[in-house]
């Protein structure tokens, strides 16, 4: 059976030899370098214990240094599966998603025709190259000079020029006795709709030859010289030689550069690729004016495990990046992914290199983001998640994306990465102190004191400790009975909270108190974690507070909150008077200063002891202890009753 030309090349480009061989061997991980496609294993063709069987995944060949077996993916399947040549191709084609061609008695004729078409394309390359050096190409040369393309660069990429003539290339090819059907078959000319001679496809354009993996010119890309032209860039139409969805510009040279360890960079256009190559990034390719296809993605992964997608830093570039992500998610495999280097807004790789040099681009390539980071950024960019419904919508969108991943292991790792990013978004302070994995073990955060510790009761003293105790009681009372918050809203808004956690609780209470106790507690748990409430309630001075012991009792809550606010206000008043008095003493001191301090101190003591005139509920005992007045009266009544019931009384 004859196979159509190019079928085997396509099959080899879409087949990973290491995957084919990996089904039959166990790789030696110490000796192999998967990133470079350099794999070693015990030979499957003879008995051995050492890893002498070598697979060069980039070149697509294997060799055993023991038994000297060698070949490619086709020969490996033939030997290991004991099948004929065509059957081995059929097996590999099924795995690569390619349809086996039917028997075609005209296959040799087709092969001859493709060879003829390729020869015509080479004639066109030379014609365009010569035209660039003529007087007609002076404008094109000036443009290339302004873009910084030296003559050596033009020669390297075989850049040419199509003059502004209707039949310039057609007449040249006819003078070389090229048949009409071959010119039209190459896509170099189009039939006239008016019955005249066919006319050239490319006119007044800078020409970029597009070559396949074997180095044959299969198409052209033309850049318009007329700024008013409807198509700035124009590719050859699809032909027997050219399928743009299966072609990458500069693929052959990029394969060689990637094999030497250079990062594979995927840009958007010809000029970007040329600028990258001239800047030292030899493994640069570009799709041909369309979105990246699955075949092109597989071609990239043949060259590198993690191609770097370098797109323009504008809205269109971001949209293109997310289209690539949607395409890649179902195709991800262990070790095969993408990274994204987003250019500064309004610039492409060519602009960046010319403006800031190759070091600027190298920095972006080194800092390229993993795919999961860009996926996450797309879902949260410019959005607010201040309600449970919005957070649920975020979770659903991300779950739908992750479900596209077919590989269960990668899907699990993506899920964990999303959880980590979600934690950082909704718990920024706590996430900064989360344990970190170092050397395979989870390590605690640095031992530096956190803000909450610095302001906690462990290090607070005197009045500051008292303030924290009082704010804790106020906040716990409001959480237990949020319906009273409105009455104290103004005072709560100005409440000074030395403890950062108290400050966050205060803000959440003010925002969600009117929704009821359950909703308030839910919001606090989502924002700060359930342990934040448990930690607050566990403090002894809070646990003993009447509103906490009797949640929902508005009367007790009002009384407690009002009392604690009064104490705080009295403390503030005393501190203010002391500060002002200190300033006055520096000047002229008189009895007025002493009187003011005395009044402030008495007000503070009354607030602390709750002895506000006849409203006080407590008396002081002989030892200074506070005694509940009602309980004291009941005790005396009981004593009187016991005494009066004794005999003889």
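The values are calculated or read from the model by the stated rules, or taken from the named source; none is laboratory data. Since the structure is predicted, the reported quantities are computational estimates derived from the model, not experimental observations. With ideal geometry, Cβ positions are generated from the backbone for all residues, glycine too; neighbour counts draw on all protein chains shown.
Every test in (1) without any contact (Cβ under 8 Å) to a residue 24 or more places away in the chain; (2) touching a strand residue (DSSP E or B) at 6+ places or on another chain (Cβ under 6 Å) is passed by residue 231 save one, and that test is (2). The number of residues in the stretch 483-502 that are closer than 18 Å to residue 563 by Cβ, assigned to a helix (DSSP H, G or I) and in contact (Cβ under 8 Å) with a residue 60 or more places away in the chain comes to 4. Surrounded by fewer than 16 Cβ atoms within 10 Å (Cβ to Cβ), assigned to a helix (DSSP H, G or I) and in contact with a helix residue (DSSP H, G or I) (Cβ under 9 Å, 6 or more places away or on another chain): does that describe residue 122? The answer is no for residue 122. In the stretch 364-386, the residues that are without any contact (Cβ under 8 Å) to a residue 24 or more places away in the chain and outside the structural domain of residue 345 (by TED's automatic domain parsing) never reach a residue that is exposed (fewer than 15 other Cβ atoms within 10 Å of the Cβ) and not in a loop (DSSP other than H, G, I, E, B) with C-beta atoms less than 7 angstrom apart, at least six apart or across chains. Scoring residue 140 on the criteria (1) in contact with a strand residue (DSSP E or B) (Cβ under 6 Å, 6 or more places away or on another chain); (2) at positive phi leaves a single failure, condition (2).
Being over 46 Å from the mean Cα position of the chain (by Cα), more than 27 Å from residue 283 (Cβ to Cβ), assigned to a helix (DSSP H, G or I) and in the same structural domain as residue 128 (by TED's automatic domain parsing) is a condition met by at least one residue of the stretch 156-168. Do you know which residues across the stretch 252-286 are in contact (Cβ under 8 Å) with a residue 40 or more places away in the chain and within 26 Å of residue 189 (Cα to Cα)? Residues satisfying the conditions are 269, 270, 271.
Looking at residue 131, is it more than 19 Å from residue 249 (Cβ to Cβ) and outside any helix (DSSP H, G or I)? Taking the combined requirement at face value, the residue does not satisfy it.
Taking the stated definitions as given, is residue 149 farther than 26 Å from residue 295 by Cβ, surrounded by 12 or more Cβ atoms within 10 Å (Cβ to Cβ) and at pLDDT 95 or above? Against the criterion (farther than 26 Å from residue 295 by Cβ, surrounded by 12 or more Cβ atoms within 10 Å (Cβ to Cβ) and at pLDDT 95 or above), residue 149 does not qualify. If only residues of the stretch 453-468 that are assigned to a helix (DSSP H, G or I) and under 43 Å from the mean Cα position of the chain (by Cα) are counted, the one that is modelled with the highest pLDDT is 468.
Pull up the stretch 519-544, narrow it to residues that are outside any helix (DSSP H, G or I) and modelled with pLDDT under 80, then point me to the one that is nearest to residue 502 (Cα to Cα). Step through it out loud before you land on a result.
Of the stretch 519-544, the ones outside any helix (DSSP H, G or I) are 529, 539, 544.
Among the residues that remain, those that are also modelled with pLDDT under 80 are: 539, 544.
Numbers: 539: 13, 544: 18 Å.
Only one residue fits best here, namely 539.
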